[in-house]
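Below: the structure, in structure tokens.
The values are calculated or read from the model by the stated rules, or taken from the named source; none is laboratory data. All figures in this text were calculated on a predicted structure; none of them were measured in a lab. Positions of Cβ are backbone-derived with ideal geometry, glycine not excepted, and every protein chain shown enters the neighbour counts. The protein model used for the area step is the full one, side chains on, heavy atoms only, and it has no ligands, DNA or RNA in it. Shrake-Rupley method; radii C 1.70, N 1.55, O 1.52, S 1.80 Å.
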Amino acid sequence: MPIVQVYPNIVDRDISLLFENWIETNVQIDLIDPLGKSISNWQIDVPQSDMHKQLSLPNLTPGLYLIKIKTKHNDWNFKIQKQ
């Protein structure tokens, strides 16, 4: 079963994503603001079963956001707070 971890929950500048036991290669990541609007998105490839990816979020205003991670077979949602 694929596992995704997003950390830290309280973000200053960068956020880390850890993919474990991964079987899919095409991943869509969306950053959603408190009003439900997609404000940024990324398409990444996970070419191996375990991978670490870092995303930079320097221009966000402080508040709560949702990170949505989608693949062909699974969806994950993570709440983060920008300081």
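Tabulated results
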item	result
Cβ-Cβ under 6 Å pairs, at least 6 apart or on other chains, region 70-83 side under 14 Å from Ile29 (Cβ atoms) and open to solvent by 80 Å² or more (accessible area, probe 1.4 Å), far side in a strand (DSSP E or B) and among the acidic types (Asp, Glu)	none
Residues satisfying the stated conditions in region 56-69, i.e. over 23 Å from Ile44 (Cβ atoms) and open to solvent by less than 80 Å² (accessible area, probe 1.4 Å)	Gly63
Failed criterion for Trp22 (all others in (1) of a type outside the set (D, E, K, R); (2) open to solvent by less than 40 Å² (accessible area, probe 1.4 Å); (3) part of a strand (DSSP E or B) hold)	(3)
Subset of region 1-39 [at pLDDT 95 or above, over 12 Å from Gln54 (Cβ atoms) and of a type in the set (Ser, Thr, Tyr)]	Ser38
Single condition Gln28 does not satisfy, out of (1) surrounded by 13 or more Cβ atoms within 10 Å (Cβ to Cβ); (2) within 14 Å of Gln83 (Cα to Cα); (3) under 13 Å from the mean Cα position of the chain (by Cα)	(2)
Residue tally, condition open to solvent by 20 Å² or more (accessible area, probe 1.4 Å) and part of a loop (DSSP other than H, G, I, E, B), over region 31-55	9
